[in-house]
Each structure stands twice: as C-alpha cells, then as structure tokens.
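One structure is given below, encoded as structure tokens.
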Amino acid sequence: AGAGSTKLMVRNVPFEATKKELRELLGAYGELSSLRIPKKVDGSHRGFAFAEFLTHAEAEAARAALDKTHLYGRHLVLEWAEEAHSLEALRLKTARYLSQ
C-alpha cells in the first residue's frame, strides 16, 4: 500500500489540536493540496485527519518523519489512506488498534 499515493490518514489526533496546527506540522514536509478533519455533529473533530500532498515523496517524508510523533501527549499514527475508506472500516481498524 502507498505506492505512488499522495494521501495519508493521520489517526489519534488529539481533540485540542487545530487544523492550523496540523497544517503547520505536516506542511513542514511538503506542500499540502488538502487537509480534511472529519467532524462530529457537535462540531468537534473525530480524532483523525486526511492529508494529501502534491507528491508521493512529500507524503512519504511526512509519514516517515511524523509516525510515532506526539502531539499534546498523544502519539500520532500516520498511514497511507485507502481510497475507499468507509467509516465502518475505519471504526473497526481503530478499535483493533486501541485494543492492542
């Protein structure tokens, strides 16, 4: 997975982190073409984000450098985003990860 991809999923994003902070953190490794942080009905975010870079090399640099980075005491998990990320599949994967 990830061959040629420019899109990363960032999991375990602390709820107090802002889009601006994430953009600054990720943007240090390349130019972001988009950054999306899905929100709940109450307006708070769901604790994960999708970041798309202009090139695979930039996305790989961010993934390699920031995986295992801590933000507000939470350890970020960066992985290649699958194009067909269903919310249910994401919930199952997150539940499996957190139960380890």
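The values are calculated or read from the model by the stated rules, or taken from the named source; none is laboratory data. Predicted model only: the values in this text are computed from it and were never measured. Using ideal geometry, Cβ is built from the backbone for each residue, glycine included, and neighbour counts are taken over all protein chains shown. Note: accessible area is taken over every heavy atom of the protein model, side chains too, but ligands, DNA and RNA are not part of it. Shrake-Rupley method; radii C 1.70, N 1.55, O 1.52, S 1.80 Å.
Structure data summary
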{"item": "Area accessible to solvent at Val13, 1.4 Å probe radius, in Å²", "result": "0 Å²"}
{"item": "For the chain, alpha-carbon Rg relative to the globular expectation (2.2 N^0.38 Å, N residues)", "result": "1.01"}
{"item": "Cleavage-rule hits (GluC sites (Glu not before Pro)) in region 12-55: DSSP loop, at most 16 neighbouring Cβ within 10 angstrom", "result": "Glu16, Glu31"}
{"item": "Qualifying trypsin sites (Lys or Arg not before Pro) in region 4-42, DSSP loop, other Cβ atoms within 10 Å at most 10", "result": "Lys40"}
{"item": "Estimated inter-spin distance, Arg74 and Ser34, nm [label 7 Å along Cα→Cβ]", "result": "2.2 nm"}
{"item": "Separation in nanometres of the label points that stand 7 Å from Cα toward Cβ, at Lys20 and Asp67", "result": "3.1 nm"}
{"item": "Whole-percent carbon and sulfur share, accessible surface of the chain, 1.4 Å", "result": "54 percent"}
{"item": "Region 41-70: trypsin sites (Lys or Arg not before Pro) in DSSP coil with no more than 12 other Cβ atoms inside 10 Å", "result": "Lys68"}
